[in-house]
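Visitor: Shown below is the structure under consideration.
The values are calculated or read from the model by the stated rules, or taken from the named source; none is laboratory data. The structure presented is a predicted model; accordingly, all values stated were derived computationally and were not measured. Reconstructed Cβ throughout: ideal geometry from the backbone, glycine too, with neighbour counts over all protein chains shown. With ligands, DNA and RNA removed, areas are computed over all heavy atoms of the protein, side chains included. Shrake-Rupley method; radii C 1.70, N 1.55, O 1.52, S 1.80 Å.
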Amino acid sequence: MIRIAFFETKDYDKASFAQYEKEGETEFRFLETKLTEVTADLAKDCDAVCVFVNDNVNAAVIDKLCEYGVKIIALRCAGFNNVDVRHAYGKIHVVRVPAYSPYAVAEHTMALLLTSIRRIHKAYIRTRDFNFSLNGMTGFDLHGKTVGVVGTGRIGRVFIDICRGFGMNVIAYDAYPAADSGIDYVTLDELFERSDIISLHCPLTDETHHMVNAEAIEKMKKGVVILNTSRGALIDADALLDGIRARKVGAACLDVYEEEAELFFEDRSGHILNDERLARLISMPNVIVTSHQAFLTNEALSNIAETTMNNIRSYFDNDGICDNELCYRDGKIDTLKKDRRERCF
Ligand code: NAI
C-alpha cells in the first residue's frame with residue numbers, strides 16, 4: 001500500500017487523480033493546505049507527498065519528511081525552484097512532471113497577448129454594458145512584428161511555432177541554444193533591444209532571477225509588450241511598474257508573480273489586498289494578470305496525474321529508479337535521464 005499526501009489540492013486535482021486510487025494499493029490524502037514546516041506533520045504516516053508550485057519544500061521541510069519516513073516528493077509540475085533539491089540529495093527522492101502540455105502554456109501566452117493588444121478584456125466589459133464605442137480600442141497587427149523568446153525549451157518552441165503562424169519575426173535567447181533548430185539566436189541584450197514583444201519561457205534560477213529589471217527595460221523598445229508565463233521572479237515587478245508609469249512598457253501580461261504564493265489559486269475577493277504592488281499592477285489599463293492558469297487544460301491535468309502516478313509507482317516498483325527524478329550530482333541538477341538504469345542515490 002502506497003499512502004500519498006497531496007498538498008495544495010483543488011477540486012480539479014482531485015478529479016484528475018481520483019481514478020488512480022485503488023483499494024489495497026494506493027491511499028490518497030487530499031489536503032488543501034500548502035506544505036510547510038508545520039503542515040508537514042500531516043504526511044506523518046505517508047510514503048509519498050505530492051506538491052505543487054507554491055509548496056515551499058525547503059531544507060527544514062525535507063528534514064521533517066525524512067524524519068516521518070516519507071520516501072519521495074512528487075512534484076505535479078515541471079518547475080522545481082520551490083524545492084531544495086541539493087538538500088534532498090541522499091535523503092529523499094524528488095521527481096517531477098517534465099512535460100505535460102507545452103501547448104497549454106504556449107497557447108495561454110498567445111491568448112494573453114491577443115487579449116492585451118486587441119483590448120478583448122475591455123471589449124468584453126463594454127459590450128456587456130451595451131457600450132459599443134470603439135474609442136481607445138485601437139490595437140496593432142502581430143504580422144511583421146518581432147517577438148523575442150527567452151528560453152527555447154518545450155514551451156518556448158511551441159510559442160515560436162504559434163508566432164510564426166501569425167507571420168511574426170522570431171528571435172530568441174537561450175543559455176543553451178539548440179543546434180540545428182532553425183531558431184535565430186541573439187544575445188539577451190540584442191533581444192531586449194530589437195523585440196516588439198518579449199516572452200519569457202526559461203526556468204527561474206539564480207542566473208535568471210530578475211532578468212527583466214530596470215537596466216533591461218531601459219534597453220527595450222518604447223511600447224514593448226512583456227509576457228511572463230514562466231515564473232514571477234524572472235521580473236523585478238517594481239522595475240516593471242516604473243517602466244509602465246514611464247510609458248516605456250506598452251503592456252504586460254503576467255500569469256505568474258514573484259509574491260504569488262500567498263495569493264494565487266485562492267478566492268481573495270471581498271478581502272483587502274495587502275500587496276500594494278500587485279494591486280497597482282492590476283489597476284493598470286495595460287496589464288493583464290491571470291493567476292498561474294497557463295497550465296490549466298484538461299489535457300495537461302490528465303497528463304500530470306498520469307505521469308505523477310507513474311513516477312511514484314516506478315520509484316516503489318522499480319527499486320527506486322525513476323526517469324523523472326531530479327538528481328543532484330557534482331553541483332548540478334540532472335533533470336532527465338531516459339531509461340535511467342540506476343538509482344540516483
Ligand atoms: P524546458 O526545460 O523545456 O525549457 C527551458 C529552456 O530554458 C531550456 O531551453 C533552457 O536551456 C533554457 N534556459 C535555462 N537557463 C536559461 C537562462 N539562464 N537563460 C535563458 N534560457 C535558459 O522548460 P519548459 O517546459 O519549456 O518550461 C519553461 C518554464 O515554464 C518552466 O521553467 C516553468 O517555470 C514555466 N511553466 C509555467 C507554467 C504555468 O502554468 N504558468 C506551467 C509549466 C511551466
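Visitor: Rounded to whole Å, give me the distance from the Cα center of segment 33-71 to that of segment 270-345.
Guide: Distance between centres, Cα-based: 16 Å.
Visitor: Also: Among the lysines, which have Cα under 16 Å from the Cα of LYS219 when same-chain residues fewer than 8 positions away are ignored?
Guide: LYS248
Visitor: Oh, and also: Going by Cα centres, segment 196-224 and segment 239-256 are how many Å apart?
Guide: Here the two parts' Cα centres lie 11 Å apart.
Visitor: Same structure again: Between GLU306 and MET137, what is the FRET efficiency for a Förster distance of 41 Å, r being their Cβ-Cβ separation, to the nearest 0.05?
Guide: Values: r = 43 Å, r/R0 = 1.04.
About 0.45, to the nearest 0.05.
Visitor: Same structure, new question: With both bridge residues required to lie in segment 102-289, what share of the DSSP beta bridges run antiparallel, to the nearest 5%? Don't skip to the end; give the middle numbers.
Guide: Working: 0 of 23 bridges.
Antiparallel: roughly 0 percent of the beta bridges in segment 102-289.
Visitor: Right, another one. Considering only DSSP beta bridges whose two residues both sit in the chain, what percent are antiparallel, to the nearest 5? Show your work: numbers first, answer last.
Guide: Working: 4 of 43 bridges.
The answer is about 10 percent antiparallel.
Visitor: Would you mind checking segment 51-69 for residues with the amide N under 19 Å from a putative spin-label position 7 Å along Cα→C-beta of LYS91?
Guide: Counting backbone N atoms under 19 Å from the label point, the list is 51-52, 55-69.
Visitor: If you add up the charges near GLY136, with Lys and Arg at +1 and Asp and Glu at -1, over every other residue whose beta carbon is less than 14 angstrom from its beta carbon, what do you get? Walk me through the intermediate numbers first.
Guide: Values: positive: ARG118, ARG119, LYS122, ARG126; negative: none.
Computed value for this residue: +4.
Visitor: Taking the mean number of other Cβ atoms within 10 Å as a proxy for protection, how do you rank 207-213, 104-110, 313-319, 290-296 from highest to lowest? Walk me through the numbers before you get to the answer.
Guide: On the way: 207-213: 17.0, 104-110: 22.1, 313-319: 14.9, 290-296: 19.1.
In decreasing order of mean packing, 207-213, 104-110, 313-319, 290-296 become 104-110, 290-296, 207-213, 313-319.
Visitor: If you count only protein heavy atoms with a 1.4 Å probe, what accessible area per residue comes out for segment 156-205, rounded to a whole Å²?
Guide: On the way: 2340 Å² over 50 residues.
Accessible area per residue, segment 156-205: 47 Å².
Visitor: Hydropathy at least 0.0 by Kyte-Doolittle, axial extent at least 15 angstrom from the Cα trace: which helices of the chain, defined as entire DSSP H runs, fit? Before the final figure, lay out each step's value.
Guide: Numbers: long enough: 102-117 (23 Å, 0.97); 154-165 (17 Å, 0.43); 298-317 (28 Å, -0.61).
Both cut-offs are met by 102-117, 154-165.
Visitor: If a cysteine in the chain has no other Cys Cβ under 4.7 Å from its own Cβ, put it on the list, ordered by number.
Guide: CYS46, CYS50, CYS66, CYS77, CYS163, CYS202, CYS253, CYS322
Visitor: In addition: Take the alpha carbon atoms of segment 79-118, find their center, do the same for segment 158-181, and report the distance between the two centers in whole angstrom.
Guide: With segment 79-118 and segment 158-181 each reduced to a Cα centre, they are spaced 19 Å.
Visitor: Got the relative contact order for segment 102-289 handy, in percent, Cα pairs under 8 Å and 6 or more residues apart?
Guide: Value for segment 102-289: 18 percent.
Visitor: Among the trypsin sites (Lys or Arg not before Pro) within segment 114-174, which fall in a DSSP loop and have no more than 14 other Cβ atoms within 10 Å of their own Cβ? Show your work: numbers first, answer last.
Guide: Values: sites: ARG118, ARG119, LYS122, ARG126, ARG128, LYS145, ARG154, ARG157, ARG164; in loops: ARG118, ARG119, LYS145.
Answer in residue order: no site qualifies.
Visitor: Between the DSSP loop rule and a limit of at most 13 other Cβ atoms within 10 Å, which chymotrypsin sites (Phe, Trp or Tyr not before Pro) in segment 82-134 are left?
Guide: Numbers: sites: TYR89, TYR100, TYR103, TYR124, PHE130, PHE132; in loops: TYR89, TYR100, PHE130, PHE132.
In loop regions of segment 82-134 (DSSP not H, G, I, E or B), the sparsely surrounded chymotrypsin sites (Phe, Trp or Tyr not before Pro) are PHE130, PHE132.
Visitor: Something else about it: Please report the antiparallel percentage of the DSSP beta bridges confined to segment 190-345, to the nearest 5.
Guide: Values: 3 of 16 bridges.
The answer is about 20 percent antiparallel.
Visitor: Once you've got the Cα coordinates, tell me which of LYS122/LYS222; LYS10/LYS122; LYS34/LYS91; LYS22/LYS91 are over 25 Å apart. Intermediate values should be presented prior to the final figure.
Guide: Numbers: LYS122/LYS222 23 Å; LYS10/LYS122 30 Å; LYS34/LYS91 21 Å; LYS22/LYS91 28 Å.
In this structure, LYS10/LYS122; LYS22/LYS91 lie more than 25 Å apart at Cα.
Visitor: In the neighborhood of ILE217, defined by Cβ-to-Cβ distances under 15 Å, what is the net charge if each Lys or Arg adds +1 and each Asp or Glu adds -1? Show your work: numbers first, answer last.
Guide: Working: positive: ARG194, LYS219, LYS221, LYS222, ARG245, ARG247, LYS248; negative: ASP189, GLU193, ASP196, GLU215, GLU218, ASP236, ASP238, ASP242.
Local charge sum for ILE217: -1.
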